[in-house]
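**Q** Supplied in structure tokens, the structure appears directly below.
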Amino acid sequence: FVQKAWHGQDPILFALWAPVLAAGLTALMYAIARAITKRKGPTEAAKRTGLWWALLQPMSLLILFAQMLDAFATSIGIDAGTYTEKHVLSAAVIDVTRNIGDSLGIGFLSAHPTLLGFGSVKFVLSLLIIGALNSANSNESEREGPLIGLVKFAIIMVGIGPGIRDFTRMALGV
């Protein structure tokens, strides 16, 4: 995440959208999970397994929020601002998305490859990880529960740390 010039744009306005968008997407997924789990029958409700049940758990919601904060802060800084991605894998996802947009003639995809490419990948991977950790937690014994909690905490820190750093840097114009 390396900054160029902002070209006269106010970085604070862009930066403040990252936590708002992350919180909004997390709240939307929680609402969808509540609606879906209310429709489940009593036998399915007793099991409380699956992605939708996992999204009702606070730690799972925090994982989603943290990862989406990183994704939105990165996409705002790169797509709307003048930052560039320094990590090889993330930059490759962004470049592939931009190339697909260019080759198909989709201007919005070419103009916002970080939001649509990198953000989508982080969203899908976050949901897969939440589902996997929830199923592992329901299948494991009581003594391995704290280990899964520690893994969830590490995933939260990996997302929220860069997300806070990125949107704070944009807000300060650094």
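The values are calculated or read from the model by the stated rules, or taken from the named source; none is laboratory data. Here the structure is a predicted model, which is why all the values come from computation and not from measurement. As a convention, Cβ positions derive from the backbone with ideal geometry for all residues, glycine included, and neighbour counts pool all protein chains shown. Just the protein is used for accessible areas: all its heavy atoms, side chains included, with ligands, DNA and RNA removed. Shrake-Rupley method; radii C 1.70, N 1.55, O 1.52, S 1.80 Å.
**Q** Give the stretch 83-106 a look and list any residue that's open to solvent by 50 Å² or more (accessible area, probe 1.4 Å) and assigned to a helix (DSSP H, G or I), or say none.
**A** Val88, Leu89, Asp95, Val96, Arg98, Asn99, Ile100, Asp102, Ser103, Leu104
**Q** For Ile160, only one of the following conditions fails: (1) at pLDDT 90 or above; (2) of a type in the set (Val, Ile, Thr); (3) over 28 Å from Asp95 (Cβ atoms); (4) open to solvent by less than 50 Å² (accessible area, probe 1.4 Å). What is its number?
**A** (3)
**Q** Hey, another quick one. Check the stretch 90-99 and report whether any residue there is within 28 Å of Ile32 (Cβ to Cβ) and of a type outside the set (S, T, N, Q).
**A** yes
**Q** Also, I was wondering about something else. Anything in the stretch 107-148 that is part of a loop (DSSP other than H, G, I, E, B) and at pLDDT 85 or above? List them, or say none. Before you say what the answer is, go through the steps one by one.
**A** Looking only at the stretch 107-148, we keep the residues that are part of a loop (DSSP other than H, G, I, E, B), and these are 112, 140-141.
Selection gives His112 alone.
**Q** A further question on this structure: Looking at Ala35, Ala23, Ala31, which one is modelled with pLDDT of 85 or more and either under 17 Å from Thr74 (Cβ atoms) or buried (at least 17 other Cβ atoms within 10 Å of the Cβ) (or both)?
**A** Ala23 is the lone residue from the list that is modelled with pLDDT of 85 or more and either under 17 Å from Thr74 (Cβ atoms) or buried (at least 17 other Cβ atoms within 10 Å of the Cβ) (or both).
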